[in-house]
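To start, the structure itself, in structure tokens.
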Amino acid sequence: AGNVWSLSAFRPCHPGQECREAVNSERDSGLEQRVGGEEHYTVPLYKPEFWDRVQNLDVNGNRMDLSGHCYPRGVPRMGAPDKIMQNADSVVFLYQRMNRVRVIPTDGRPHDPVRVENVQWDGEPSGHWEGDTLVIESVGFTNESWLGWPGYFHTFDMRVVETVRREGNTLIWQATVHD
């Protein structure tokens, strides 16, 4: 007996159109991840008191996932940048999806407390170099974004540490979530 997958997704609609459920679709390459493609994606570990919420969002989350309603995916869900620019005191990440831009100071300044309190989709970043590795710590996130498509939620207290390093001609981007 193999796994049986019953998949449905909410199809976004434009004004004047009827909104209906789309059949046999999944968000963010979810089917591939569910049936064995998780080698690059770690499922967050939640305390038992949060598991009912995680399961509810997995089943019903298509309607609640704001990224399907033209909101940003946020960090770290947006993934690695498409392009990177650098100057003496900052690094700029450019993302093709929704034309997102992140300016990351690398001059040693601390997080801006006003921006940390004014929660954001991408957080308030601060970067520094550890040898040839760029380390970015971001705090000050809205709790409306998700870590991943099945409704993996986080709190306002989330802290994301991203690293970018070069191996030969390849840039390796990794994000670790602390919450």
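The values are calculated or read from the model by the stated rules, or taken from the named source; none is laboratory data. Every value quoted in this text rests on a predicted model; they were computed, and no experiment measured them. FYI the Cβ positions are ideal-geometry reconstructions off the backbone, even for glycines, and counts take in every protein chain you see. Keep in mind that these areas ignore ligands, DNA and RNA; they rest on the heavy atoms of the full protein, side chains included. Shrake-Rupley method; radii C 1.70, N 1.55, O 1.52, S 1.80 Å.
Below, the figures for the structure above:
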read-out	value
Long-range neighbours under 7 Å by Cβ, at least six apart or interchain, first residue under 19 Å from residue 77 (Cβ atoms) within segment 105-131, second among the basic types (Lys, Arg) and exposed (fewer than 15 other Cβ atoms within 10 Å of the Cβ)	124/115
Selected residue (criterion: farthest from residue 164 (Cα to Cα)) from residues of segment 118-146 that are charged (D, E, K, R), open to solvent by 30 Å² or more (accessible area, probe 1.4 Å) and part of a loop (DSSP other than H, G, I, E, B)	144
Top-ranked residue in segment 147-179 [being of a type in the set (Phe, Trp, Tyr) and part of a loop (DSSP other than H, G, I, E, B); ranked as nearest to residue 52 (Cα to Cα)]	153
Selection count, segment 55-86, where residues are among the aliphatic types (A, V, I, L, M), touching a strand residue (DSSP E or B) at 6+ places or on another chain (Cβ under 8 Å) and surrounded by fewer than 17 Cβ atoms within 10 Å (Cβ to Cβ)	3
Selection status of residue 96, modelled with pLDDT of 90 or more and closer than 21 Å to residue 174 by Cα	yes
Filter pass, residue 115 being among the basic types (Lys, Arg) and surrounded by 15 or more Cβ atoms within 10 Å (Cβ to Cβ)	no
